[in-house]
Ligand SMILES: Nc1ncnc2c1ncn2[C@@H]1O[C@H](COP(=O)(O)OP(=O)(O)OP(=O)(O)O)[C@@H](O)[C@H]1O
Ligand SMILES: [Mg+2]
């Protein structure tokens, strides 16, 4: 009963010019509670659309989703979202941002302060508690976004390229942080990324999507997330299977991209 | 033309002098480390020295060309001739010529002076005298006291020994003398380069006038009352404009129906300059306070509505989504996301609206008012009280500037996150 079940979701966008885009076609997926899923795919294959549907921001044209036994319709605090960037509230301090969810629930001040303090410790931003979010670096801002999401104690965390805007070094640290939080909190996480390495590192399960119409192309079960929980991620990357999988998936996506390019060229 | 050339000269000289001095005492700050400054907008900051010199230059030129007492004499532009000068004319009647002297007293306009008594002198052409105000000119019928006048065929043929015909002009040192078509000398004493006080009073005259009006008042109200009335109208009109405009803008940003209903009205009213509404408002509400406040209300209303609307529509959808995912209700999203997110836009709108209101109130008072800054300069201009007009313009400028500064300050304090999203 517990877990997320996505049942033959389809999504069709009608365009103003009368045409339409089939962004998703018959996507089905079952996630057990506590699973970490990463999603890869060429640009425009419907990753963001899928995530927005799970978050409840979009209603699918077909299909339904069941979370812990009830159907999803509309956004809810049980499904937290971490955006790529720019979704923090810049009129609030770091503390107020992290405490936003509890405030909305009307949680007593002391309980809220405790949660916020704990999470700021976890993401290492205790010293920046009273700072305005726009005074923080990009990596720090994403840590605030993570903490804000966790403060609500959601069942599922949805991340749309959460580390996409960070530099390589910060990104690696954040990847370790995500793994640590996943293990500690036992949350179900869906993480979209453009980086094959990141998808391999941060996916117990890895989904490769194909475009036009957006659909699931291939699924993997991977050992690297589990390995990376307490290890140096650079060591994990040296694993022979890691390189093998990376090449395989890169080739797969490369072929898809090439096919898209060919198709658009033929169309013009 | 000459003031402009002096202005350009000061600009150029000050530039070279200041940059020389600045180079010598160059501080190695961040900006000076840049190799690319041309085209880098952030590398262009106002040069404080230039600002100070610029303001001083304006006052310097003002003082120079009005003969201000605040400036040492040698800096004054040549003033108009003042004092007594003489020239000679030669008249001819038939074959008889005679020469006589004309004494001209040039006096300040505000001290009436009689033409001095002069002895008639020898010959049939008698000596003359005349009093002329500074910057003025005077026709002198030199033949009127002569024994042979125009009726006898006498005519002026020489001025200071040079031959003249009607239409000719002769420089006699302190003045120019032009022979009119009828043969009468027209004396124009040197005007110099200074401006006449009725066109441009000296700075100290304006300052003095500020003091006078501040203590004695103008048209039954003190200076502060006049300015206070204008400010009061702006504040009240703006207040009501914001009170109605902001909720209206929010409604337009949040509801299709409101957007559809008010879009045509707002989009139509936005390009109508508030000044164009003055006649209608006067017809409907008269020239009293109500009319002015209605006008300013209308001036502020559309600006505030549009600012609030774009503040609401400008909210990043990811912020709203984030708030929903964090469990916020619609009311909470309104209060904690949409309102704070729109505040910077509303403040920008408020600053624009205050500026427009200030301009509009002055214009409205120019048209018709019992009190107010605009009324003060309008009435003063009718009486050629240029000092009051200039004083009024300066005070209106200072207040407008002050309002803007105040709004900027409030913006920095109240919405420090502006432009940081
Ligand atoms: N609101 C919309 N209206 C019309 N078409 C849309 C809309 N949102 C997405 N699409 C289309 O749906 C398809 C999938 O878009 P989506 O944003 O989900 O892709 P993505 O996989 O997230 O791409 P990227 O990796 O570039 O973020 C695209 O072809 C896009 O043009
Ligand atoms: Mg996307």
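Things worth noting here:
- Residues within the range B:122-142 that are within 13 Å of residue B:89 (Cα to Cα) and either modelled with pLDDT under 85 or in a loop (DSSP other than H, G, I, E, B) (or both), tallied: 8
- Test for residue A:92: is it away from ligand 2 (no atom under 16 Å from the Cβ) and over 18 Å from residue A:207 (Cβ atoms): yes
- Subset of the range A:53-96 [more than 8 Å from chain B (Cβ to nearest Cβ) and within 19 Å of residue A:14 (Cα to Cα)]: A:53, A:58, A:59, A:60, A:61, A:62, A:63
- Condition met for residue B:262 (within 30 Å of residue B:69 (Cβ to Cβ) and crowded, with 17+ Cβ neighbours inside 10 Å): no
- Failed criterion for residue B:380 (all others in (1) out of contact with any helix residue (DSSP H, G or I) (no Cβ under 6 Å at 6 or more places or on another chain); (2) away from chain A (no Cβ under 14 Å); (3) assigned to a helix (DSSP H, G or I) hold): (1)
- Filter result (without any contact (Cβ under 8 Å) to a residue 60 or more places away in the chain and under 26 Å from residue B:406 (Cβ atoms)) within the range B:208-222: B:211, B:214, B:222
- Being within 14 Å of chain B (Cβ to nearest Cβ), under 27 Å from residue A:56 (Cα atoms) and more than 16 Å from ligand 1 (Cβ to nearest atom) holds for only one residue in A:155, A:160, and it is A:155.
- Residue count for the range A:23-41 satisfying the condition of being within 15 Å of ligand 1 (Cβ to nearest atom) and not in a strand (DSSP E or B): 1.
- The single condition among (1) within 20 Å of residue B:257 (Cα to Cα); (2) buried (at least 18 other Cβ atoms within 10 Å of the Cβ); (3) within 14 Å of another protein chain (Cβ to nearest Cβ) that residue B:321 does not meet is (1).
- Against the numbered list (1) within 16 Å of ligand 2 (Cβ to nearest atom); (2) at pLDDT 90 or above, residue A:58 comes up short only at (2).
- Answer from B:183, B:151, B:211 - the residue that is outside the structural domain of residue B:65 (by TED's automatic domain parsing) and part of a loop (DSSP other than H, G, I, E, B): B:183
- A search for C-beta distances below 6 Å between a residue of the range B:253-270 that is outside any helix (DSSP H, G or I) and any residue that is modelled with pLDDT of 90 or more, counting only pairs 6+ apart in sequence or on different chains, returns B:270/B:302.
- Lone qualifier among A:166, A:206 - being more than 16 Å from ligand 2 (Cβ to nearest atom), assigned by TED's automatic domain parsing to the domain that holds residue A:42 and in a strand (DSSP E or B): A:206
Rundown of residues vs (1) in a loop (DSSP other than H, G, I, E, B); (2) buried (at least 18 other Cβ atoms within 10 Å of the Cβ); (3) in contact with a strand residue (DSSP E or B) (Cβ under 7 Å, 6 or more places away or on another chain), yes/no style:
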residue	(1), (2), (3)
A:43	yes, no, no
A:52	no, yes, no
A:73	yes, no, no
A:81	no, yes, yes
A:88	yes, yes, no
A:97	no, yes, no
A:103	no, yes, no
A:115	no, yes, no
A:119	no, yes, no
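- Here the condition is being away from ligand 2 (no atom under 16 Å from the Cβ), more than 12 Å from chain B (Cβ to nearest Cβ), under 23 Å from residue A:186 (Cβ atoms) and not in a loop (DSSP other than H, G, I, E, B); of A:111, A:127, it holds for A:111 alone.
The values are calculated or read from the model by the stated rules, or taken from the named source; none is laboratory data. Since the model is a prediction, treat every value here as computed from it, not as a measurement. Cβ sites come from the backbone with ideal geometry, for glycine too, and all protein chains shown count toward neighbours.
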